[in-house]
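Presented below is the structure to which this report refers.
The values are calculated or read from the model by the stated rules, or taken from the named source; none is laboratory data. Since we're looking at a predicted model, the values are computed, not measured. No Cβ is skipped: glycine too gets one built from the backbone with ideal geometry, and neighbour counts run over all protein chains shown. With ligands, DNA and RNA removed, areas are computed over all heavy atoms of the protein, side chains included. Shrake-Rupley method; radii C 1.70, N 1.55, O 1.52, S 1.80 Å.
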Amino acid sequence: MPATELNEHISAVSPALFALLSELGKRISLPKGILSQTAEANAQAHRFNATRAIALENGEMMHIPVSRALVQEPSLEHVYGYAPVLGQPALRQKWETHLRETNPSLAQATFSLPIVTSGMTHGLSLLAELFVNKGDTLVLPDKIWGNYRLIFETKAQATVATYPFYKGERRFNTDGFRETLIKVGALCPRGRSDGKILILLNFPHNPTGYAITRAEAREIVSAIVESADADNHLLVMLDDAYAGFWYDDAVMHESLFGMLAECHPNVVPVKIDGATKEEYAWGMRVGFLTFALDAPVMQPLEQKISGLIRANTSGAAQVAQTLILQAMNAPDYAEQKRRNFETLKARALKVKQVASDAQYAELWEVYPSHAGYFTCMRLKKSGNAEAVRQKLLAEHGIGIIALGESALRIAYSCLEVSEVEEVFAAIATVVSERSAML
């Protein structure tokens, strides 16, 4: 329900409550999007449900077995005690080691000890609270995870400047990204401070599964440095939720964070990642914020972040942090994680093969996808993507996500390899039937 309707309802039934709402309270609502579509699929998708950003196997959540077996092992303190506001020190140090091991460009880089957050959405919200003033400009592509707008635009009241995600729909639009930075930089207010630009980049990308090449990474960094050279101050937020899930050797298998660290004095990179996807621990809500800043700067910044965390969540759950840490330290951890990765990679490759089959060429175009949990495709003839989703759900019991007017997102993380062909055949049937009616 739109915020305006919610406000009218509250005002009618409780004028006192409406009078107490803040301006943010009046603006906020839960838009109809992935969450509501997933809820419908949970209720109606009695055959296959490819809406949820989790991985399933044999009808159950995929997990690291060692973490499942550890529930009774930690001490009472590490289950029921309060965790430090910034997170368990041992877990923070473990995640720092993990970042250096999985990102070769960070081997000699200076960056902060990761800060534990209550999931990645909490991390992004902390950044919005800490850095975003009403009217500040946030640079985003036109294809995004919808929660960005809720956090930064609706809640923090940033002004969003967008550019087309794809150039020719086959590669990341580095030219459009650079041109947007130039335009936004020219509009930045000068006077008491230099220009301020907020940037949010997400690779591997949700919803498309796109991952950048190293050449594209260099072009992105070059554009950021060029803007910094023009006396702009840039906060570059890197949403690395799907780090590690790369299935194509042609793309870069690490975060942009390492290339941006220390790239320019006016650039502050911050990495937002977590156990959510990387450790197959969606509901444990353990995320991390890592800044490419040294200790003298981080000490006062950590105090500010501690104040923000204390004022909202007071800290991430102790037991979740304990389970993640002990699982990462377990002897079988690496092998169990590798096995899960291989399972998801097999699904990704199967989806790429099936979705791109010549028999479907007239029905849709598959966006380039190299990583993550999803594939995304643009419908050619069938009209409204939402109508396709609804028909697929009602008549075939299959749930997928509709994005905008013509795009569909399929979470192959939820599908067994043996189910992929049937799902896409059903989508093709619905698209063909609708095309025939137009």
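For G397, the shell of other residues with beta-carbons less than 13 Å away shows a net charge of -1, using +1 for Lys and Arg and -1 for Asp and Glu.
May I ask which of K277/K304; K183/K345; K183/K352; K134/K271; K271/K381 have a Cα-Cα span longer than 32 Å here?
Details: K277/K304 28 Å; K183/K345 39 Å; K183/K352 36 Å; K134/K271 23 Å; K271/K381 40 Å.
Beyond 32 Å between Cα atoms: K183/K345; K183/K352; K271/K381.
Near E101, once Lys and Arg are set to +1 and Asp and Glu to -1 for all other residues with Cβ below 13 Å from its Cβ, the sum equals 0. Membrane-span-like helices in the chain, defined here as complete DSSP H runs extending at least 18 Å along the helix axis by their C-alpha atoms with mean Kyte-Doolittle hydropathy no lower than -0.5, are 174-187, 214-229, 295-312, 417-437; this is a sequence and geometry rule, not a statement about a membrane. An ellipsoid equivalent to the chain, defined through the eigenvalues of its Cα gyration tensor, has semi-axes of 33, 28, 25 Å when rounded to whole angstrom and sorted largest first. A helix-only calculation puts the chain at -13500 deg cm²/dmol for mean residue ellipticity at 222 nm, using -39500 (n - 2.57) for each DSSP H run of at least four residues, averaged over all residues. With just the Cα atoms defining each centre, how far is region 85-120 from region 320-336? Give it in Å. Region 85-120 and region 320-336 have Cα centres spaced 15 Å from each other.
Atom-type composition of the exposed protein surface of the chain places 54 percent of the accessible area on carbon and sulfur (1.4 angstrom probe).
Loop-located chymotrypsin sites (Phe, Trp or Tyr not before Pro) in region 80-185 (DSSP state not H, G, I, E or B) with no more than 16 neighbouring Cβ atoms inside 10 Å: Y82. Summed over the residues of the chain and divided among them, the accessible surface reaches 44 Å² per residue at a probe radius of 1.4 Å. Since only F291, N232, I115 are under comparison, the one whose Cα sits farthest along the positive direction of the charge dipole of the chain, derived from C-beta charges on Lys, Arg, Asp and Glu, is N232. Give the distance, in whole Å, between the Cα centre of region 218-267 and the Cα centre of region 358-390. Between the Cα centres of region 218-267 and region 358-390 lies a distance of 29 Å.
Positive contributions from Lys and Arg (+1) and negative ones from Asp and Glu (-1), summed over other residues with Cβ under 13 Å from the Cβ of A158, come out at +2.
Of the trypsin sites (Lys or Arg not before Pro) in region 125-183, the ones in a loop by DSSP (not H, G, I, E or B) with at most 13 other beta carbons within 10 Å are K134, R170. Of all aspartates and glutamates in the structure, the ones whose alpha carbon falls short of 20 Å from that of K143, not counting any fewer than 8 places away in one chain, are E153, E169, D175, E179, E216, E219, D239, D240, D273, E365, E386, E405. Highest GNM mean-square fluctuation among A371, A241, A358, for the chain modelled with Cα contacts below 10 Å: A358.
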